[in-house]
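Below: one structure, written as structure tokens.
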Amino acid sequence: MKVLFVCNNAYNPGNGLSVAILNTIKRLKRHGVDARLMAVRNSDPEGPQPDFPLEHFIFPIFEPIIAANGFAFAKIDRRKIEEAVDWADVVHLEEAMPLQDVASRIALKKGKACVSTFHLFPHNITANWGWPKKNFANPLIMKYMNAVVYNRCSDIHCPTLICKQYMMAKGTKARFHVISNGIVLPEEPVKTKPYEDLSEIRLLCIGRLSNEKSQNTLMDAMRYSKYAGKIRLQFAGNGPWAAKYHKMANKLYSDGVVKIRPEFGFYSHEKLAELASECYLYIHCAWVEVEGLSCLEATREGAVPVIGEGRHIGTPQFSLCHESLYPEGDSKALAARIDWWIEHPEERNRYSQAYADAARRFDVDESMRQLIGMYETALADSHK
């Protein structure tokens, strides 16, 4: 089976979509699928390149903002797109943008099986514009995405149930397949170590420093926590709101709210796993999130999560108890949850192992088998 992945930019290590696409292609190949990529050329000439490279479209005026958000648009080259689609049995559209609009038209004209993954809520897009959660553009963007991609596909991969429910409510007409993107699991189950020294409480937050990831909720929560003076905040990631969040963190320290200066860094997967295994709690603040694999990868190492819960957040599916959830954006409620876990270290240590064990349900190889089943369904449908 030959599967063509179509996306704009697949080579930004700080972008969850890019990481998910490259990991999926790599794992599918191990399962015998000839998976290839059409995308913008990698800006690193020494790095890997797409099988069907497209030139970078420089967006007038807005290019600096686009680049700051870790994205790049592909220049639409119909000849190259036709060449790629001709090669494929299945065309997998990873976004719902102009590139995928053209690719889906060509695929349908040639009678190719056409599928997609729901990677982004419209809110993810408008959040990067700095717009509020509720705005007039979100429903218009979803209508556009349905029209140019989703309603042209026979099958759609939804990483979480909340994505399927959202798409159904917005009139998307397709077969839905709820399949986690999955994570790589160690061969042997993780045996967690109890967190015994409570003189310093390490809280880890992984994600792009951006509007929708809402790291400010965690920083605001420190002003309500009884234990802020013992807490070390560690933020792993980079992004367009880096300067803003650094300033907020420095003010927490200068105001004496926290006694340990918050730390920021961009880390390798190996280092992130180490940080997760050493933290007391993992905090996931995003107010819009399709799945949130960074949370799952942290729990795989025994991190106990506290996750924002809301209408457009898929991450709460990883929660094992009520104490691991709080209403998204509510810094007082988040502080109360953090304080509860600090006051119940035995529960924290017990759930550390429970979370590490539960993460094994999201084996990436099982996800790949389900994804291949979706391709087979779409391929059979295209031959009718």
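Each reported figure results from applying straightforward, stated rules to the coordinates on display, with no laboratory input. Note that this is a predicted model, so its numbers are computed, not measured. Because the Cβ atoms are built from the backbone with ideal geometry, glycine has one as well, and the counts that use them run over all protein chains shown.
Restricting attention to segment 144-177, which trypsin sites (Lys or Arg not before Pro) occupy a DSSP loop and are surrounded by at most 13 other Cβ atoms within 10 Å?
Lys173
Dipole size in debye (nearest 20) for segment 118-216 around its Cα centre, Lys and Arg Cβ +1, Asp and Glu Cβ -1?
700 debye
On a 0 to 90° scale, report how tilted helix 242-254 is relative to the longest principal axis of the chain, with both axes built from alpha carbons and the result rounded to the nearest 10.
10 degrees
Provide, for q = 0.09, 0.10, 0.13, 0.15 Å⁻¹, the log10 of I(q)/I(0) from a solvent-free Debye sum over equal Cα point scatterers in segment 201-361.
-0.24, -0.30, -0.52, -0.72
How large is the dipole of the chain about the Cα centre if only Lys and Arg carry +1 and Asp and Glu carry -1, each at its Cβ, rounded to the nearest 20 debye?
With Lys and Arg at +1 and Asp and Glu at -1, about 1020 debye.
What nm distance separates the two modelled labels at Asp44 and Tyr144, each placed 7 Å from Cα along Cα→Cβ?
3.1 nm
Pull out the extension gain between Asp89 and Glu366, defined as 0.36 nm times the separation in residues minus the alpha carbon to alpha carbon distance; nm, one decimal. Walk me through the intermediate numbers first.
Numbers: separation 277, 0.36 × 277 = 99.72 nm, distance 2.20 nm.
Here the answer is 97.5 nm.
Could you give me D for the chain, from Stokes-Einstein at 20 °C and 1.002 mPa s, where the hydrodynamic radius is the Kirkwood radius over C-alpha pairs? Units µm² s⁻¹, please.
Values: Rh = 21.7 Å.
Translational diffusion coefficient: 99 µm²/s.
Select from His284, Asn23, Tyr150 the residue farthest towards the positive end of the dipole of the chain; place +1 on Cβ of Lys and Arg, -1 on Cβ of Asp and Glu, and compute about the Cα centre.
Comparing the listed Cα positions along the dipole, Tyr150 ranks first.
With r defined as the distance between the Cβ atoms of Leu198 and Glu309 and R0 fixed at 35 Å, what FRET efficiency is calculated, to the nearest 0.05?
The computed FRET efficiency comes out at 0.85.
How far apart, in nm, are the 7 Å Cα→Cβ label points at Tyr224 and Trp129?
Placing both labels 7 Å beyond Cα along the Cβ direction yields 3.0 nm.
For Lys29 and Lys251 in the same chain, what is the full-extension length gain: residue separation times 0.36 nm, less their Cα-Cα distance, in nm?
On the way: separation 222, 0.36 × 222 = 79.92 nm, distance 4.83 nm.
Gain in length upon complete extension: 75.1 nm.
Charges on Cβ only, +1 for Lys and Arg, -1 for Asp and Glu, centred on the Cα centroid of the chain; of Leu185, Ala127, Pro159, which one is farthest towards the dipole's positive end?
Farthest towards the positive pole: Ala127.
Which of rounded, prolate, oblate describes segment 277-368, given a ≥ b ≥ c as roots of the alpha-carbon gyration tensor eigenvalues and a/c under 1.5 marking rounded, otherwise prolate only if a/b is larger than b/c?
Because a/c hits 1.5 or more and a/b fails to exceed b/c, segment 277-368 counts as oblate.
Which FRET efficiency value, to the nearest 0.05, is calculated for Glu278 and Lys110 with the Förster distance at 45 angstrom and r the Cβ-Cβ distance? Could the numbers behind the result be given before it?
Values: r = 52 Å, r/R0 = 1.16.
Once the sixth-power term is evaluated, E becomes 0.30.
I need the phi-derived Karplus couplings for segment 285-302: 6.51 cos²θ - 1.76 cosθ + 1.60, θ = phi - 60°, integer Hz, Gly and Pro marked x.
Per residue, the Karplus-derived 3J(HN,Hα) values read 9, 3, 9, 9, 7, 5, 9, x, 5, 4, 5, 5, 5, 5, 5, 4, 8, x Hz.
Can you work out the Karplus-derived ³J(HN,Hα) for every residue in segment 121-134? Use 6.51 cos²θ - 1.76 cosθ + 1.60 with θ = phi - 60°, whole Hz, and x for glycine or proline.
Karplus-based 3J(HN,Hα) across segment 121-134 equals 6, x, 4, 4, 6, 5, 4, 6, 8, x, 7, x, 4, 9 Hz.
Give the long-range amide H neighbours of Leu325: residues separated by 5 or more places, or on another chain, with amide H under 5 Å away, using H modelled in the peptide plane at 1.01 Å from N.
Answer set, sorted by chain and number: Ile307.
Would you kindly enumerate the cysteines in the chain that have no other Cys beta-carbon under 4.7 Å from their beta-carbon?
Cys7, Cys114, Cys153, Cys205, Cys279, Cys285, Cys295, Cys321
Could you give me the ³J(HN,Hα) list for segment 66-72, computed from phi with Karplus coefficients 6.51, -1.76, 1.60 and θ = phi - 60°, whole Hz, x at Gly and Pro?
In residue order, the calculated couplings are 4, 5, 5, 8, x, 9, 8 Hz.
Taking just the alpha carbons, could you work out the radius of gyration and Dmax for segment 115-217, both in angstroms?
Final numbers for Rg and Dmax: 18.7, 57 Å.
Compare the Cα positions of Pro316, Cys295, Pro98 along the charge dipole of the chain (+1 at Cβ of Lys, Arg; -1 at Cβ of Asp, Glu; about the Cα centre) and return the one farthest towards the positive end.
In the chain, that residue is Pro98.
Return the calculated 222 nm mean residue ellipticity for the chain, to the nearest 500 deg cm²/dmol, obtained by summing -39500 (n - 2.57) across DSSP H runs with n ≥ 4 and dividing by the residue count.
About -12000 deg cm²/dmol.
At 7 Å along the Cα-to-beta-carbon direction for both Asn151 and Phe59, put a label point, then send me their distance in nm to one decimal.
Computed distance between label sites Asn151 and Phe59 equals 2.4 nm.
If I take R0 = 45 Å and measure r between the Cβ atoms of Arg350 and Arg79 in this structure, what FRET efficiency does the formula 1/(1 + (r/R0)^6) give, to the nearest 0.05?
Calculated value: 0.15.
Would you grab the residues whose amide H sits under 5 Å from the one on Leu54? Only those 5+ places off in sequence or on another chain, please, with H modelled 1.01 Å from N.
Ala39, Val40, Arg41
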